[in-house]
Amino acid sequence: MRNLKNILVTGGCGFIGVNFIRLLFKHTPEFSGRIINLDALTYAGNITSLQEIEKEFGIDSGSTVRYFFELGDICDRQRLEGIFDKYDIDTVVNFAAESHVDRSILGPETFVKTNVMGTFALLDVARRHWQLDAEDSSGPLPVSADAEYIPGVIFHHVSTDEVYGSLGEAGFFTETTPYDPRSPYSASKAASDHLVMAWHHTYGLPVTLSNCSNNFGPFQFPEKLIPLMIINMMEGKPLPVYGDGKNIRDWLYVEDHGRALWAILSKGQLGEKYNVGGENEMENVAIIDELIKIVADKSGMDPEKIRRTIRFVKDRPGHDRRYAIDCSRIKEELGWERETSFEEGLIKTVEWYRDNMTWINRIRSGEYRYWVEENYGRR
Ligand code: NAD
Ligand code: TYD
């Protein structure tokens, strides 16, 4: 088990980052280190999602400070250098990305900037610090995959199953499936994955990489399928289904993704990649069906009335048909298992959105950005 002391989490104010930070502080007793959250607070970053963590572990907590927030862009090398020095970073978990496929179709440039150039900048700064630390420890450069303590920096890159392309009716993505990205989002993530592996093979930087299927759960920005549907159902608004609604995704509850990341960080083989998935393939229309039942049950609404708001709309250009993950490697090698069933996860998610209308309304009104504007001016 590696002893991770100063973890730089990038994009920690986004959906998966927030859940990961909460998981480490609140439900991972073996984690005793510090988290430095570097986030540019784009439209997807929401600092209010971490208020509770800030209070308990941040600078005003009144006890040992274990959580730090830094506003900054992963493309900004100078900023990165400063952070590595200031906090003596030994671990990087790179969540920071532009993550929404529909937005990547409308405006791909920022996807290339953040996902490709940002990952490049982060890798290169991490490499410099790793080499400096390795020289300090006056030993050989630490490339051993199973060493428990690696001087310097371990770099984990959080990626997606979308890099593998689209499946037909049969088959699964394994860790050796060739990359075949088809949207600007997945192409930019594929490029970043290749950079990460190149920094390992060429320079020896200790890296790990994970490719995960679709996540769902609390704090997801309401542009993605599941939160969008829940909120629209609760408010009697139309439910837009792209194409015939028979596209298939493999869904995983976000906390289980966080647990997988922790397993990889603490004992994953360096230089290797792990697929993470829920082993839960669903057609979009089947998910909407499930959600209608849960929302109706929790709110007393008439399920038939909700069903009548379904609208089949124009398909997403280049819409991938099916994703399915073979995650046997992480299960067998690291003992990771999904803990939350899809049904249980969906119920928790519906309850969370029902009980957190303030969080949703703050996004709608733009209030979730006030803190940034007050502290850093309009961005
Ligand atoms: P998100 O869009 O909710 O959050 C992204 C975060 O990154 C935001 O807080 C944003 O402010 C920050 N960010 C964006 N550009 C930045 C930059 N240049 N510098 C610093 N911060 C920046 O995304 P998410 O759903 O939490 O996804 C996190 C990671 O996981 C992404 O890399 C994504 O590709 C990957 N992933 C997501 C899913 C999913 O289903 N959501 C599945 C597999 C992998
Ligand atoms: P999304 O949540 O955007 O994730 P991704 O595209 O990364 O898989 O979409 C999940 C699936 O739901 C995808 O097949 C597109 C579909 N979808 C709709 O049918 N309607 C919608 O309004 C959205 C946002 C997605």
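Read-outs throughout are calculated quantities, based only on the coordinates presented, and are distinct from any laboratory measurement. The model shown is predicted, which means the values in this text are computed figures rather than measured ones. Neighbour counts run over all protein chains shown; Cβ positions are idealised from the backbone, glycine included.
Per-structure values
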item: Meets criteria (farther than 22 Å from Arg364 by Cβ, among the small types (Gly, Ala, Ser) and more than 16 Å from ligand 2 (Cβ to nearest atom)) for Gly62; result: yes
item: Within the stretch 252-286, considering residues that are β-branched (Val, Ile, Thr) and within 13 Å of the chain's Cα centre (by Cα), the one surrounded by the most Cβ atoms within 10 Å (Cβ to Cβ); result: Val276
item: Any pair with Cβ under 7 angstrom, 6 or more apart, that starts in the stretch 214-233 at a residue that is near ligand 2 (Cβ under 7 Å from one of its atoms) and ends at one that is of a type in the set (D, E, K, R); result: Asn214/Arg249; Asn214/Asp250
item: Wholly within the stretch 1-104, strands (runs of 3 or more DSSP E) carrying at least 1 residues that are under 16 Å from His157 (Cα atoms) and either within 15 Å of ligand 1 (Cβ to nearest atom) or touching a residue at least 12 places away in the same chain (Cβ under 8 Å) (or both); result: 6-10, 34-39, 91-94
item: Helices (runs of 4 or more DSSP H) wholly inside the stretch 272-370 containing at least 2 residues that are within 23 Å of Val241 (Cα to Cα) and of a type in the set (S, T, N, Q); result: 284-299
item: Unmet criterion (only one of (1) outside any strand (DSSP E or B); (2) in contact with a Phe, Trp or Tyr (Cβ under 9 Å, 6 or more places away or on another chain); (3) in contact (Cβ under 8 Å) with a residue 40 or more places away in the chain) for Tyr179; result: (3)
item: One residue from Val313, Val295 being closer than 27 Å to Arg182 by Cβ, touching a residue at least 12 places away in the same chain (Cβ under 8 Å) and either within 11 Å of ligand 2 (Cβ to nearest atom) or surrounded by 15 or more Cβ atoms within 10 Å (Cβ to Cβ) (or both); result: Val313
item: Leading residue by the ranking (surrounded by the fewest Cβ atoms within 10 Å (Cβ to Cβ)) among those in the stretch 227-251 that are in a helix (DSSP H, G or I) and either of a type in the set (Phe, Trp, Tyr) or within 14 Å of ligand 1 (Cβ to nearest atom) (or both); result: Leu228
item: Any chance Arg2 is more than 16 Å from ligand 2 (Cβ to nearest atom), among the charged types (D, E, K, R) and under 21 Å from Tyr253 (Cα atoms); result: no
item: Considering residues of the stretch 46-82 that are out of contact with any Phe, Trp or Tyr (no Cβ under 9 Å at 6 or more places or on another chain) and crowded, with 22+ Cβ neighbours inside 10 Å only, the residue nearest to Arg103 (Cα to Cα); result: Ile74
item: Some residue of the stretch 281-288 being without any contact (Cβ under 8 Å) to a residue 40 or more places away in the chain and more than 14 Å from ligand 1 (Cβ to nearest atom); result: yes
